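Notes follow the structure.
The values are calculated or read from the model by the stated rules, or taken from the named source; none is laboratory data. Just so we're clear, the structure is a prediction, and the values are computed from it rather than from any experiment. Ideal geometry is used to build each Cβ from the backbone, glycine not excepted, and the neighbour counts take in all protein chains shown.
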Amino acid sequence: MSLSFSPFGIILAISYLLGVFIFWRWGRREGFSSNDLFDLALVSSLVAFGGGKIPPILLGASAEFYWAGAVLAGAAALLISAFFRRWSSLRLMDLGAIALSFSEAAAFLGFWILKIQAPLFFAGCAARVVFLYLIHRRTPSGVTFFSYLILEGVLLYLSGGFLSIAVLGLGIAGLIAILIKFKVKRSNG
């Protein structure tokens, strides 16, 4: 019996581990418990994996993994866990957006090195990482997450990806709601 590893799988594993590490590291910095963050990362990862595998099985699709289903399922697990632990869901989604951005940038860097994808994908993800990093500490909770959605929608649109307009619209709507709420809070004292 021989065990073989594909470069594609190794890149995905490394980018995933980077995302979990950043989520844990920044979550600790934000005041969340290390053990709770690891539990949350494990549960969200397992649910995301199921969310990525179940839709193709149910729909009889030719794809083996449905990325949008994985992201939506992982985000749902994150929100449900935040609700039961009475944590700020927007703060957790901000952390998740930053971790996912770093993870995507690392994956696209690896894909570029392997000549699987053009360097433009890595450049877009790297620019998003820098932008989100710069705004995270200076903005109210939720702005980082909805900015991520806006930038992801733009990147998906530029690459001809599925659901780009929906992701972009959701990000814009959420960002407007957060900014209106923040402005109302500031004017009331």
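Structure notes:
- The range 3-21 - residue that is surrounded by 13 or more Cβ atoms within 10 Å (Cβ to Cβ) and of a type in the set (Phe, Trp, Tyr) and, of those, nearest to Asp39 (Cα to Cα): Phe21
- Checked against (1) surrounded by 15 or more Cβ atoms within 10 Å (Cβ to Cβ); (2) at pLDDT below 80, Ile57 passes all but condition (1).
- Within the range 8-56, the residues that satisfy the criterion of being of a type in the set (D, E, K, R) and either part of a helix (DSSP H, G or I) or in contact with a Ser or Thr (Cβ under 8 Å, 6 or more places away or on another chain) (or both) are Arg25, Arg28, Arg29, Asp36, Asp39, Lys53.
- Contacts under 9 angstrom Cβ, first residue in the range 64-75 being touching a residue at least 40 places away in the same chain (Cβ under 8 Å), partner crowded, with 17+ Cβ neighbours inside 10 Å, 6 or more apart: Ala68/Gly51; Ala68/Gly52; Ala68/Pro55; Ala68/Val167
- Candidate set: the range 66-105, residues that are of a type in the set (S, T, N, Q) and buried (at least 23 other Cβ atoms within 10 Å of the Cβ); chosen: the one nearest to the chain's Cα centre (by Cα): Ser101
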